[in-house]
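Some notes on the structure that comes next.
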Amino acid sequence: MFQIAAIIGVGQSAYTRRPEPGQTVLTFMRDAVVAALKDAEVDAKDIQGMAVASFSLAPDAAVDLAWKLGLSLRWLAQDTNGGSSAVSMLGNALRTVECGYASPILLITGDATGLAGYAKVAANFNTVTQKHLAPLGHGGPNGVYALVAARQMKKYELEKSDYGHIAIAQRTWAAGNPNAVYRQPMTMEEYLAAPMVADPLSRYDCVPVIAGAQALVVGTRDRAPKGRPAVRVRAIRHSFNYDNQQGDGLATGLSTFAGEFWRMAGVRPGDIDLASIYDDYPTMVLAQLNDLGMIPNNDLARYCRTVIANRLLPINTWGGMLSAGQPGGFAGGMNGISEAVLQLQGRAEARQVKNAQLAVVTGYGMTMYRYGGTAGAAVLERGP
């Protein structure tokens, strides 16, 4: 029997640059799960399914986490698709609820690698990185995406300050998010004066690695807490290994399904009230927006200098990962979804977007060799 599925609860642990002794990926995930269950008004014993994504959960796997959380389940999954894992898990959970197999379902992402641990992950991300990039001293993802950024700047005639508009706008939004690790306003002068990391990327173009976790509860719409609108998903699509790493990295897998995606959602890009765009680098924010058809005439420079600089479309209203932080390589994909849910329910407090009804969220990740190989997007809608 078909069920109407919705996101009915969100939860987040504390975010921190430097975990205290005793803080591990498991403690961060525990805190996020407790918060999500409380938010959804669901008891742990009622959870029937769980999915998790994490770089630092090993040697434990999903079933070990279920055991430690005391969950007895009929549906279990572990996703390994990096920054698109949250969108991927959401799609699988929605279908599982809709077909009546399991509900409610808990989705968890989080990491606590520390800087040294993250460097180790970056150098051993896959066999190609391990054998062909790490021996060159490539500097991890920053070095890879510096090349993508340079190509994007040349093709679209972008200035360094165009990326600055993204970082500055998101820092402005972060001021309203008590969980963001960086909340102080930033000027263009400060952005341009930041130390270079990998030309043309400087400090504020690169996400700060932090420790933390996010959780969502997906269930039937009638299980949403009373007096609060459930958030339903109008459309969701994914792409994996869309071009066999043969392109220039300036398009993502979103470009393979954008038209179908908007038709499925029954809305147009101009109908969107806010966007949560996976922002490991400003370069990729622009790439994803362009792939989705949200930048008129592919004029990235004009879009940065008008829409983004003046915040005409609310983008990454929690500050994005550039200001709020990226837990390892996963939770960033889910905090954009969580933020969209809070905005659509009118619970985003100081950063609340007025009359928000529709949001688009994306995920992007798994830098296989030259750029990311996975991508996903969803349109979320405020329910009755």
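The values are calculated or read from the model by the stated rules, or taken from the named source; none is laboratory data. Bear in mind that the values here come from a model prediction, so they are computed numbers and not experimental data. Note that we place each Cβ from the backbone using ideal geometry, even for glycine, and neighbour counts take in every protein chain shown. Heads up: the accessible areas ignore ligands, DNA and RNA and are worked out on the full protein's heavy atoms, side chains in. Shrake-Rupley method; radii C 1.70, N 1.55, O 1.52, S 1.80 Å.
Can you tell which of 367, 170, 224 lies farthest toward the positive end of the dipole of the chain, using +1 and -1 charges on the Cβ of basic and acidic side chains (Lys, Arg; Asp, Glu)?
In the chain, that residue is 224.
Dividing the Cα radius of gyration by the Kirkwood radius, what Rg/Rh value follows for region 1-116?
Values: Rg = 14.1 Å, Rh = 14.6 Å.
Here Rg/Rh amounts to 0.96.
May I ask you to derive the relative contact order of region 283-384, considering only C-alpha pairs under 8 Å and at least 6 residues apart, and to give it as an integer percent?
In percent, rounded to a whole number, it is 17.
Once amide H atoms are placed 1.01 Å from N in the peptide plane, what residues at a sequence separation of 5 or more from residue 16, or on another chain, have their amide H within under 5 Å of its amide H?
211
Could you give me the ³J(HN,Hα) list for region 304-312, computed from phi with Karplus coefficients 6.51, -1.76, 1.60 and θ = phi - 60°, whole Hz, x at Gly and Pro?
With coefficients 6.51, -1.76 and 1.60, one gets 5, 7, 10, 4, 6, 4, 9, 6, 6 Hz.
Is the shape of region 250-290 rounded, prolate or oblate, going by the alpha carbon gyration tensor and its root eigenvalues a ≥ b ≥ c, with a/c under 1.5 for rounded and a/b larger than b/c for prolate?
On the way: a/c = 2.85, a/b = 1.46, b/c = 1.95.
In terms of gyration-tensor shape, oblate.
Go ahead and collect, in residue order, the members of region 216-256 whose backbone nitrogen is under 18 Å from a label point 7 Å along the Cα-Cβ direction of residue 357.
229-235
Roughly what % of Cα-Cα distances in region 8-63 sit above 16 Å, to the whole percent? Mind dumping the intermediate values first?
Working: 755 of 1540 pairs.
I get 49 percent for the Cα pairs in region 8-63 exceeding 16 Å.
Can you tell me the orientation of helix 160-174 relative to the chain, as the angle in degrees between its alpha-carbon axis and the longest Cα principal axis, to the nearest 10?
It works out to around 30 degrees.
Relative to the first principal axis of the alpha-carbon coordinates of the chain, what is the inclination of helix 141-156, with its axis defined by its Cα atoms, in degrees from 0 to 90 and to the nearest 10?
Helix 141-156 and the main axis of the chain meet at about 60 degrees.
Could you please state, rounded to a whole Å, how far the C-alpha centre of region 261-288 is from the C-alpha centre of region 155-199?
20
Translational diffusion coefficient, Stokes-Einstein: compute it for region 280-341 using the Kirkwood radius over C-alpha pairs as Rh, at 25 °C and 0.890 mPa s, and state it as an integer in µm² s⁻¹.
Working: Rh = 12.5 Å.
Roughly 196 µm²/s, to the nearest whole number.
How large is the dipole of region 43-82 about the Cα centre if only Lys and Arg carry +1 and Asp and Glu carry -1, each at its Cβ, rounded to the nearest 20 debye? Please report the intermediate quantities before stating the final value.
Details: 3 positive and 5 negative charges, 15 e Å.
I would put it at about 80 debye.
Packing-wise, with mean Cβ within 10 Å as the measure, how do 59-68, 81-90, 165-174 rank, highest first?
Ranking, from highest mean packing down: 81-90, 165-174, 59-68.
Considering only 35, 51, 143, whose Cα is most displaced toward the positive end of the charge dipole of the chain, charges sitting on Cβ of Lys, Arg (+1) and Asp, Glu (-1)?
35
Would you mind classifying region 42-187 by shape? Square roots of the alpha carbon gyration tensor eigenvalues, ordered a ≥ b ≥ c; an a/c under 1.5 is rounded, otherwise it is prolate if a/b is larger than b/c and oblate if not.
Values: a/c = 2.17, a/b = 1.57, b/c = 1.38.
Taking the square roots of the gyration eigenvalues as a ≥ b ≥ c, region 42-187 is prolate.
At 1.4 Å probe size, with every protein chain present, just tell me what the per residue accessible area of the chain comes to in Å². All intermediate terms of the calculation are to be shown ahead of the outcome.
On the way: 15580 Å² over 384 residues.
On a per-residue basis, the chain sits at 41 Å².
Quick one: 3J(HN,Hα) in Hz for region 366-383, Karplus 6.51/-1.76/1.60 with θ = phi - 60°, rounded, Gly and Pro as x.
Per residue, the Karplus-derived 3J(HN,Hα) values read 6, 6, 6, 7, 10, 5, x, x, 10, 7, x, 8, 8, 9, 9, 10, 5, x Hz.
What percentage of all Cα-Cα pairs in region 253-384 are separated by more than 24 Å? List each step's numbers first, then the result.
Values: 2078 of 8646 pairs.
Tail of P(r) above 24 Å: 24 percent of Cα pairs.
Go through 96-107, 209-220, 19-30 and give me the packing order, highest mean Cβ count within 10 Å leading.
Highest mean packing first, the order is 209-220, 96-107, 19-30.
Placing +1 on the Cβ of each Lys and Arg and -1 on the Cβ of each Asp and Glu in region 279-343, which of 303, 290, 334 has its Cα farthest towards the positive end of the resulting dipole?
303
Can you give me the distance in nm between label points at residue 264 and residue 78, each placed 7 Å from the Cα along the Cα-to-Cβ direction?
Here the answer is 2.7 nm between the modelled labels.
Quote the charge dipole size of the chain about the Cα centre in Debye, to the nearest 20; the model charges only the Cβ of Lys and Arg (+1) and of Asp and Glu (-1). Write down the numbers at each step before the final one.
Numbers: 34 positive and 31 negative charges, 77 e Å.
For the chain, the charge dipole is close to 380 debye.
Can you give me the long-range amide H partners of residue 113? Hydrogens built in the peptide plane at 1.01 Å from N, cutoff under 5 Å, separation of 5 or more residues or another chain.
Sorted by chain and number, the residues that satisfy this are 328.
Given the convex hull over the Cα atoms of the chain, what projected area results after averaging over all orientations, in nm²? Provide the component values of the computation, followed by the final result.
Numbers: hull surface 70.1 nm².
Average projection, Cα convex hull of the chain: 17.5 nm².
Highest mean first, how do 340-351, 275-286, 237-248 rank when packing is the count of other Cβ atoms within 10 Å averaged over residues? Can you show the working numbers first?
Working: 340-351: 19.5, 275-286: 26.8, 237-248: 14.8.
Those peptides, ordered most packed to least, come out 275-286, 340-351, 237-248.
Expressed as a whole percentage, what fraction of the accessible surface of region 1-56 belongs to carbon and sulfur atoms when a 1.4 Å probe is rolled over the protein heavy atoms? Each step should come with its number before you reach the end.
Values: 1450 of 2710 Å².
Carbon and sulfur atoms account for 54 percent of the accessible area of region 1-56.
Would you mind classifying region 201-270 by shape? Square roots of the alpha carbon gyration tensor eigenvalues, ordered a ≥ b ≥ c; an a/c under 1.5 is rounded, otherwise it is prolate if a/b is larger than b/c and oblate if not. Working shown, then result.
Working: a/c = 2.45, a/b = 1.32, b/c = 1.85.
Note, shape of region 201-270 comes out oblate.
Determine the dipole magnitude for region 27-128: charges of +1 sit on the beta-carbon of Lys and Arg, -1 on that of Asp and Glu, nothing else is charged, the reference point is the Cα centre, and the result goes in debye to the nearest 20. Walk me through the numbers before you get to the answer.
Working: 7 positive and 10 negative charges, 36 e Å.
Here the size comes out at about 180 debye.
Do me a favour and compute the ellipsoid semi-axes for region 176-232 from its Cα gyration tensor, root of five times each eigenvalue, largest one first, whole Å.
Details: eigenvalues 298, 39, 23 Å².
They are 39, 14, 11 Å, listed from largest to smallest.
Given H placed on each backbone N at 1.01 Å, which residues far from residue 8 in sequence or on other chains put an amide H within less than 5 Å of it?
Amide H neighbours of residue 8: 217, 218, 219.
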